[in-house]
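Some notes on the structure that comes next.
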Amino acid sequence: DQQVKQNSPSLSVQEGRISILNCDYTNSMFDYFLWYKKYPAEGPTFLISISSIKDKNEDGRFTVFLNKSAKHLSLHIVPSQPGDSAVYFCAASGYSGYALNFGKGTSLLVTP
Amino acid sequence: DTEVTQTPKHLVMGMTNKKSLKCEQHMGHRAMYWYKQKAKKPPELMFVYSYEKLSINESVPSRFSPECPNSSLLNLHLHALQPEDSALYLCASSQGQTSGLREQFFGPGTRLTVL
């Protein structure tokens with residue numbers, strides 16, 4: 001049973017515009033959320049994380065928003081660049097800390 | 001040094017072979033992980049080592065045998081694999097469990113093909 005869901009398999013955005021990637025989760029025990037970026041044949045690269053005690057975390061062009069009541073988080077990339085084209089995975093972990101539950105990923109294409 | 005390294009990058013093996021995957025990190029992280037990723041799927045957790053002790057085994061078949069010789073090294077020994085075990089095997093590490101320390105950093109992976 002998929003506890004972390006990314007319902008959009010793909011997203012296409014023009015360079016310079018905002019990219020918004022969405023993620024929903026079902027397990028209320030999750031208290032830490034992460035976003036990873038992955039290029040083909042490479043390992044995932046950690047982008048940004050957020051604890052459940054916050055509703056926003058920002059790092060440069062990347063901002064993650066958390067809506068606990070809706071069990072929803074989103075990653076905003078502003079401005080989008082062609083180098084951002086990759087698969088983005090949302091992940092969540094609970095109080096045990098160790099296991100990361102991944103969504104199926106969203107493939108982002110940023111066009112010039 | 002914020003890198004997790006994995007060797008080999010690619011591995012082709014027969015179903016009767018014995019091989020090992022290696023992972024190394026020098027970030028002082030005390031938790032290390034093995035994941036398996038099939039094409040167009042998210043990574044699936046296989047094993048977790050915490051302070052060099054196996055803490056999680058996600059019901060992985062015994063033909064996969066993990067080993068943590070020290071806090072920087074993690075091995076995955078492979079024996080009598082099946083073609084369906086062909087996948088990208090990812091190693092990751094993290095500082096610990098508390099908030100701010102749970103970020104897992106991944107290596108580039110080993111692309112395994114079982115013939």
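The values are calculated or read from the model by the stated rules, or taken from the named source; none is laboratory data. Keep in mind that what you see is a predicted model, and the values were worked out from it rather than measured. Please note: Cβ atoms are built from the backbone with ideal geometry, for glycine as well, and neighbour counts cover all protein chains shown. Side chains are part of the model used for accessible areas, which takes the heavy atoms of the whole protein and leaves out ligands, DNA and RNA. Shrake-Rupley method; radii C 1.70, N 1.55, O 1.52, S 1.80 Å.
Among the candidates B:LEU115, B:LEU76, B:LEU90, B:LEU81, which residue alone is closer than 25 Å to A:PHE46 by Cβ and either more than 11 Å from chain A (Cβ to nearest Cβ) or at pLDDT below 95 (or both)?
B:LEU76
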Pairs where the first residue, in the stretch B:51-67, is of a type in the set (Phe, Trp, Tyr) and the second is open to solvent by less than 80 Å² (accessible area, probe 1.4 Å), C-beta under 7 Å, 6+ apart:
B:PHE64/B:MET46; B:PHE64/B:LEU76; B:PHE64/B:LEU78
Within 12 Å of the chain's Cα centre (by Cα), at the interface with chain B (Cβ under 10 Å from one of its Cβ atoms) and open to solvent by 70 Å² or more (accessible area, probe 1.4 Å): does that describe A:LYS54?
no
For the stretch A:10-49, enumerate the residues that are open to solvent by 60 Å² or more (accessible area, probe 1.4 Å), at the interface with chain B (Cβ under 9 Å from one of its Cβ atoms) and either over 15 Å from A:SER85 (Cβ atoms) or part of a loop (DSSP other than H, G, I, E, B) (or both).
A:ALA41, A:GLU42
Give the residue, chosen from B:THR7, B:THR110, that is under 21 Å from A:LYS38 (Cα atoms) and either without any contact (Cβ under 8 Å) to a residue 24 or more places away in the chain or open to solvent by less than 60 Å² (accessible area, probe 1.4 Å) (or both).
B:THR110
